[in-house]
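The values are calculated or read from the model by the stated rules, or taken from the named source; none is laboratory data. Given the structure is predicted, the values throughout are model-derived calculations rather than measurements. Neighbour counts are summed over all protein chains in view; Cβ atoms, including those assigned to glycine, are modelled from backbone coordinates with ideal geometry.
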Amino acid sequence: MLMTISEQSPVSTVKKWWKFSLTTQILAGLVVGLLVGWAFPNFGTQLSFLRDIFLNLIKSIIAPLVFSTIVIGIAGGGDLKKIGRMGAKSILYFEIVTTIALFLGLAVVNIVRPGAGVILNADTSTLGTIAQNHPKTLIQTIVHIFPSSVIESMVRGDVLQIVAFSILFAMAVSAVGEKGKPILRFCESLAQVMFKFTNYVMMFAPFGVGAAMAATIGHQGLDVLKNLGMLIGSLYLALILFVVIVLGTVALIARVPIKQFLKAVREPFTIAFVTTSSESALPKAMEVMERLGVPKRIVGFVMPTGYSFNLDGTTLYLAMASVFVIQAVETSNPEFHFSFGQQIMLMLSLMITSKGVAAVPRASLVILLATLNSIPSLPAGIGAVGVAVIFGVDELMDMARTSVNLVGNCLATVVVARWEGEFDDVRASVFGTPNEMALDLAEGEIAFAGAEEMG
């Protein structure tokens, strides 16, 4: 296949000087949005409607894309034993990596001690309905996976329920043989259409990203960085260490092509960072992982499932935020002391409760509040005060943890593909080169053939 591609006339990738890549456009939109939000905060806040339009368009893609991709991957020749093995490997990988993230966050927060010297004094009324929500237990999370109505799940954008239904549906399509072929062909066409639709939506990304940044800075202001700067800085430090040391080590062990991988994730990473929405980057992330050489069935299963069970950035944040509040309580109340052993027990609790983080509104703060309220020795009501303090800068921290969640899930798809012996090194080697378009056209990936021109 590679020889065939190399013998073809190379596809021209020379761009006119005025035609910038999508990455450049997004970064430009980010900078413009930051300047607008800083110079004209009221106007920047009003631009949030552009962000909302972009997010709504993205959300409309997720359900049909996830559904069609999984059905193609399983019913289009997938071995059910392979599917089960892949699922077990994915869950094992998720648990190991998120546990490492949890304890890395614990280590950084104890070394930096951002909560030391912070006096807890905040208006808890700003929490609104957060205190009224409760994280799902492990049993509730398992029950929640299986939808009573897949239409309702698609309307809500509940990715995990869509994945569960799609797997069972794909198994049924595969079981009926020839009778299921028309549905399989429909899903193949649907996937191609949705990837092309994603490309169209991405044309609006610079405006959506710019508006999101303008609204964030306009609402929060740059002065917010002065308040709780130690917490924000220590979180970003911990996340950088996690990406470089932990995910970097995983990438080396799994023989992930680092250069191509970084090139693939740069656009979805930027989108996730600015919009603070994992879902906003999901369609683009799924597209680039397939283009990188990960099979459809692995992308379709691992990526959406990871959005519920492989939240590396969120897990690390919960570890740091909970101990931050405890450190602040110790500052405000010298008689209170929380030992390192108690912190370890708290982390073991978070290993379970954090799995339901995606199933509730303002999820991370809900989990954090519930975790703090579950500590018997903590003074009554102090947990809500601590969360209220964090609430003011949570959006800035959400940007970092959401983007790390995205990178972690992208890496997980490559690792599982390599683990299964199905990673396409040929496709990875041509990613982002003139030969990629030739390969896409040769394999009938029409939607992908247009994506390279944008990137």
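In region 177-200, which residues are of a type in the set (A, V, I, L, M) and buried (at least 16 other Cβ atoms within 10 Å of the Cβ)? Outline the logic, then answer.
So in region 177-200, the residues of a type in the set (A, V, I, L, M) come out as 183-184, 190-191, 193-194.
183, 184, 190, 191, 194 - these are the residues of region 177-200 that are of a type in the set (A, V, I, L, M) and buried (at least 16 other Cβ atoms within 10 Å of the Cβ).
Does residue 241 meet the test of being loosely packed, with under 13 Cβ neighbours inside 10 Å and at pLDDT 95 or above? It would help to see each step written out before you state the result.
Working: loosely packed, with under 13 Cβ neighbours inside 10 Å: no; at pLDDT 95 or above: yes.
Answer is no for this residue.
Mind checking whether some residue in region 183-197 is at pLDDT below 85, part of a helix (DSSP H, G or I), closer than 26 Å to residue 407 by Cα and among the β-branched types (Val, Ile, Thr)?
Within region 183-197, none of the residues are at pLDDT below 85, part of a helix (DSSP H, G or I), closer than 26 Å to residue 407 by Cα and among the β-branched types (Val, Ile, Thr).
Going by the structure shown, is residue 324 aromatic (Phe, Trp, Tyr), crowded, with 21+ Cβ neighbours inside 10 Å and more than 27 Å from residue 264 (Cβ to Cβ)?
yes
Kindly evaluate residue 247 against the criterion of being touching a Leu at 6+ places or on another chain (Cβ under 7 Å), surrounded by fewer than 19 Cβ atoms within 10 Å (Cβ to Cβ) and under 26 Å from residue 363 (Cβ atoms).
In short, no.
Which members of region 274-289 meet the condition of being part of a helix (DSSP H, G or I) and surrounded by fewer than 23 Cβ atoms within 10 Å (Cβ to Cβ)? If you could, list the steps in order and put the result at the bottom.
Our first condition is that a residue be part of a helix (DSSP H, G or I); within region 274-289, this holds for 274-275, 278-289.
Answer for region 274-289, where residues must be part of a helix (DSSP H, G or I) and surrounded by fewer than 23 Cβ atoms within 10 Å (Cβ to Cβ): just 279.
Pull up region 46-66, narrow it to residues that are β-branched (Val, Ile, Thr) and more than 19 Å from residue 215 (Cα to Cα), then point me to the one that is surrounded by the most Cβ atoms within 10 Å (Cβ to Cβ).
66
So which helices (runs of 4 or more DSSP H) are wholly in region 1-61 and hold at least 1 residues that are at pLDDT 85 or above? Explain how you work it out, then say what you get.
Details: elements: 2-7, 22-39, 41-46.
Result: 22-39, 41-46.
Can you give me the number of residues within region 83-98 that are surrounded by 15 or more Cβ atoms within 10 Å (Cβ to Cβ) and more than 19 Å from residue 162 (Cα to Cα)?
5
From 82, 89, 136, grab the single residue that is closer than 30 Å to residue 418 by Cα, of a type outside the set (Val, Ile, Thr) and modelled with pLDDT under 80.
Of the residues listed, the single one that is closer than 30 Å to residue 418 by Cα, of a type outside the set (Val, Ile, Thr) and modelled with pLDDT under 80 is 82.
I want to confirm something. Restricting to region 277-304 and keeping residues that are among the charged types (D, E, K, R) and within 17 Å of residue 161 (Cα to Cα), which single residue is modelled with the highest pLDDT?
Quick first cut of region 277-304, residues among the charged types (D, E, K, R) only: 279, 284, 287, 290-291, 296-297.
Narrowing further to those that are within 17 Å of residue 161 (Cα to Cα): 279, 297.
On the way: 279: 78, 297: 84.
Filtering region 277-304 for residues that are among the charged types (D, E, K, R) and within 17 Å of residue 161 (Cα to Cα), the one modelled with the highest pLDDT comes out as 297.
Specify the residue that is farthest from residue 240 (Cα to Cα); the eligible residues are those in region 290-324 that are assigned to a helix (DSSP H, G or I) and of a type in the set (S, T, N, Q).
305
Any idea which of 393, 430, 357 is over 30 Å from residue 156 (Cβ atoms) and modelled with pLDDT under 90? Can you show your working first?
Numbers: 393 fails: over 30 Å from residue 156 (Cβ atoms); 357 fails: over 30 Å from residue 156 (Cβ atoms).
Answer to the selection: 430.
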